[in-house]
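Have a look at the structure below before the remarks.
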Ligand SMILES: [Zn+2]
């Protein structure tokens, strides 16, 4: 992975809203723009876990706050610990028959989430997502608008979507060392990896500044160095 490519992915992500930052990250992996939006959310997140492993290693330390006492809780785990395998193709349309309704739907795609920026509330976003993921809904011979599906059928749809694409919702079970409260926290690889990349770019730019100031090398020359060579020179500059 070239430092220059990562910095340019970071630059592209900077100018986008957090909901779109996964796009330049997948571009680093060579996933073309047409395929990116069609991936299921779980397929996208599996690729981002691969990228995380490649860039920063397979061990992750995530930090959360206890919902009861607000204590800071750390949890260490491996990339493979949060990997789940979908039972089939998570982009495929499935049929749900329930309470006299027949619904054709698919789990949310990465591109669907990116379109939710226009929603004014969480309820609006859920409605938009439902409308995008349900391709047909009928009761007997009559078409039914998605908004008129009963709550029970919607709940079943959401459960089927989650089961078809388990990687889309990665949860970690945490226990607070202070009050012993246990809860399941969502692990969002997009924002996690973005924060890591952001910190990495800042530290790289700091290195470039030191080396360019000391030796007069260009940014491109310093980016092209291996990390171990860069750190040897940095050691000499700091002496
Ligand atoms: Zn606690």
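Starting from the Cα-Cα distance between residue 206 and residue 138, subtract it from 0.36 nm times their residue separation and give me the gain in nm to one decimal.
18.5 nm
So how tilted is helix 189-215 from the main axis of the chain? Cα-based, degrees 0 to 90, rounded to 10.
20
Compute the distribution of all C-alpha to C-alpha distances in the range 54-193, in bins of 10 Å from 0, and list the percent of pairs in each, rounded to whole numbers.
Answer for the range 54-193: a P(r) of 10, 31, 30, 21, 8, 1 percent.
Share of Cα-Cα pairs in the range 94-164 beyond 14 Å, in percent?
Taking all Cα-Cα pairs of the range 94-164, the fraction more than 14 Å apart is 57 percent.
Mean residue ellipticity at 222 nm from the helices of the chain, using -39,500 (n - 2.57) per DSSP H segment of n ≥ 4 over the full residue count, to the nearest 500 deg cm²/dmol?
-15000 deg cm²/dmol
Helix 122-133 versus the longest principal axis of the chain: what angle, 0 to 90°, nearest 10, using Cα atoms?
For helix 122-133, the angle is close to 70 degrees.
Where does the chain land on Rg(C-alpha)/(2.2 N^0.38 Å)?
1.26
For residue 182 and residue 54 in one chain, what is 0.36 nm times their gap in residues minus the Cα-Cα distance, to one decimal in nm?
42.9 nm
For the residue pair residue 69 and residue 128, what label-to-label distance in nm results when each label sits 7 Å from Cα along the Cα-to-beta-carbon direction?
Each label point is offset 7 Å from its Cα along the Cβ direction, giving 4.0 nm.
Which FRET efficiency, nearest 0.05, do residue 115 and residue 224 yield, Cβ-Cβ r, R0 35 Å?
The pair residue 115/residue 224 has a calculated efficiency of 0.35.
Treating the angle as unsigned and between 0 and 90°, give the value, to the nearest 10°, between the Cα long axis of helix 3-14 and the longest Cα principal axis of the chain.
Roughly 50 degrees between the two axes.
Between residue 217 and residue 97, what is the label-point separation in nm under the 7 Å Cα-to-beta-carbon projection?
6.8
Using a ≥ b ≥ c from the Cα gyration tensor of the range 40-112 (square roots of the eigenvalues), is it rounded, prolate or oblate, where a/c under 1.5 gives rounded and otherwise the larger of a/b and b/c decides, a/b for prolate?
Judged from the Cα gyration tensor, the range 40-112 comes out oblate (a/c at least 1.5, b/c at or above a/b).
Computed from the coordinates by the stated procedures, all read-outs in this text should not be read as laboratory data. None of these values were measured; they are calculated from a predicted model. Glycine gets a Cβ as well: all are built from the backbone with ideal geometry, and neighbour counts include every protein chain shown.
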